[in-house]
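Notes follow once the structure below has been shown.
The values are calculated or read from the model by the stated rules, or taken from the named source; none is laboratory data. Note that the coordinates shown come from a computational prediction; the quantities given were computed from them, not determined experimentally. Cβ placement follows ideal geometry from the backbone for every residue including glycine, while neighbour counts extend to all protein chains displayed.
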Ligand SMILES: [Fe+2]
Ligand SMILES: [Fe+2]
């Protein structure tokens, strides 16, 4: 595309050069960002050449430029998808109006909250994944980890641009705070629960990119509908990068399941752990953990925030543009809730149930991936299957957080939950076992014993390409 400035200190397609104040403010934030990257970014290979893709434009087929890059020299840029002619707001109370190119005063606070909440997840995940390279199961996996990390850094840049450009002094302070919070820090934690959980083994990393990054996809997709056009355009371009993260997670888990299935098939009746693999029960528990923490990220099942965001035309539904109806008025959604100690169905005005509507789309997408993993078991004639737990199980946010449920969604007592915890969720022993088999495999074309090599590399390169020059 025209108008991409690739060579200034901050690559961008937002005409930073024409706004010296904004440019200076972002250039002042840049060293703090690099400090944060040095302290909290990947703890290995910072000085090594990594085969990475860099966004250099927003053209459908021209943006991903692959080359060897040392991570601290990655060109973190600000890229918004192209402005679409005279776009009109297409949902909520402002439907039919021209899109907002500035922040409407009455929406300033909620819009800032939406952007800060999304922004905070980006550096958080980098912090969570900080030490994974040490135990990477292959060079390709290590490279994929670094790719995800540098792109989460770029997503932070994208959000910080919005804060600096549209929210004045408050925005600049929020941008500074984004570099001060730390994942899992008791005093200065990240904003959302899932982003404070440790992610120290590769099964968890795959589950994180499968389930938690996938929440990100649905949040970004609903913000890509936003009537605040700069946010919509920012999110639209982030989604193109996000697709890779999701595939790292989905295919990562598929490769582990395939390996486990092979070990089970070749050694009927034997404990997979005694063969150095990851048993299905452990995979299931890791899925249960990250899937449920990711369900929390959609917010309460019954939520006045969701109604406000939609009414203000700031956050749409998934693929809002493709729906026939865009007011979400005079409709209800049935939400099961606990009343008087039992589950009953409650009719909720649709606008107040939009978090749940978005969660429906997410759950369906996750079910599709589970079917794909189960196909690996099926192909080898195994009877076992992985499942997604009920969306009521193990919740820390929303309608179900006050009660305990089993993985099929039945209401149970806290004592029953505790008695089964180690069966349903990863235990200390599971984590210790995973740590014990996570030995680095850093040779070209080699793969760890507990997983299988992917069918393809990246950028049409073979699996045995030197994705990271560890030298
Ligand atoms: Fe991201
Ligand atoms: Fe991501």
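Per the conditions (1) crowded, with 16+ Cβ neighbours inside 10 Å; (2) under 21 Å from the mean Cα position of the chain (by Cα), the sole criterion not satisfied by residue 441 is (2).
For the condition in contact (Cβ under 8 Å) with a residue 40 or more places away in the chain, surrounded by fewer than 19 Cβ atoms within 10 Å (Cβ to Cβ) and in a loop (DSSP other than H, G, I, E, B), what is the one hit in 102, 47?
Exactly one of 102, 47 is in contact (Cβ under 8 Å) with a residue 40 or more places away in the chain, surrounded by fewer than 19 Cβ atoms within 10 Å (Cβ to Cβ) and in a loop (DSSP other than H, G, I, E, B), namely 102.
Can you confirm whether the stretch 335-352 contains a residue that is at pLDDT 95 or above, part of a loop (DSSP other than H, G, I, E, B) and within 20 Å of residue 221 (Cβ to Cβ)? No; the residues of the stretch 335-352 include none that is at pLDDT 95 or above, part of a loop (DSSP other than H, G, I, E, B) and within 20 Å of residue 221 (Cβ to Cβ). So in the stretch 271-280, with the set limited to residues that are without any contact (Cβ under 8 Å) to a residue 60 or more places away in the chain and surrounded by 12 or more Cβ atoms within 10 Å (Cβ to Cβ), which one is nearest to residue 252 (Cα to Cα)? Filtering the stretch 271-280 for residues that are without any contact (Cβ under 8 Å) to a residue 60 or more places away in the chain and surrounded by 12 or more Cβ atoms within 10 Å (Cβ to Cβ), the one nearest to residue 252 (Cα to Cα) comes out as 279. Could you grab the pairs with beta carbons closer than 6 Å, sequence gap of 6+ or different chains, first residue in the stretch 376-395 and closer than 20 Å to residue 359 by Cα, second one assigned to a loop (DSSP other than H, G, I, E, B)? Partner pairs satisfying both residue conditions: 389/407; 390/408; 390/409; 392/400; 392/409; 393/407; 395/401. Note on the stretch 57-80: residues that are surrounded by 18 or more Cβ atoms within 10 Å (Cβ to Cβ) and more than 14 Å from residue 153 (Cβ to Cβ) amount to 4.
Do we have residue 201 as within 12 Å of ligand 2 (Cβ to nearest atom) and in contact with a helix residue (DSSP H, G or I) (Cβ under 6 Å, 6 or more places away or on another chain) here?
On the way: within 12 Å of ligand 2 (Cβ to nearest atom): no; in contact with a helix residue (DSSP H, G or I) (Cβ under 6 Å, 6 or more places away or on another chain): yes.
It is false that residue 201 is within 12 Å of ligand 2 (Cβ to nearest atom) and in contact with a helix residue (DSSP H, G or I) (Cβ under 6 Å, 6 or more places away or on another chain).
Being part of a helix (DSSP H, G or I), buried (at least 24 other Cβ atoms within 10 Å of the Cβ) and touching a helix residue (DSSP H, G or I) at 6+ places or on another chain (Cβ under 8 Å) is true for just one of 156, 140. Which residue is that? Every option except 156 fails the conditions. Considering (1) at pLDDT 95 or above; (2) under 30 Å from residue 312 (Cα atoms); (3) surrounded by fewer than 23 Cβ atoms within 10 Å (Cβ to Cβ), the lone condition that residue 265 does not fulfil carries the number (2).
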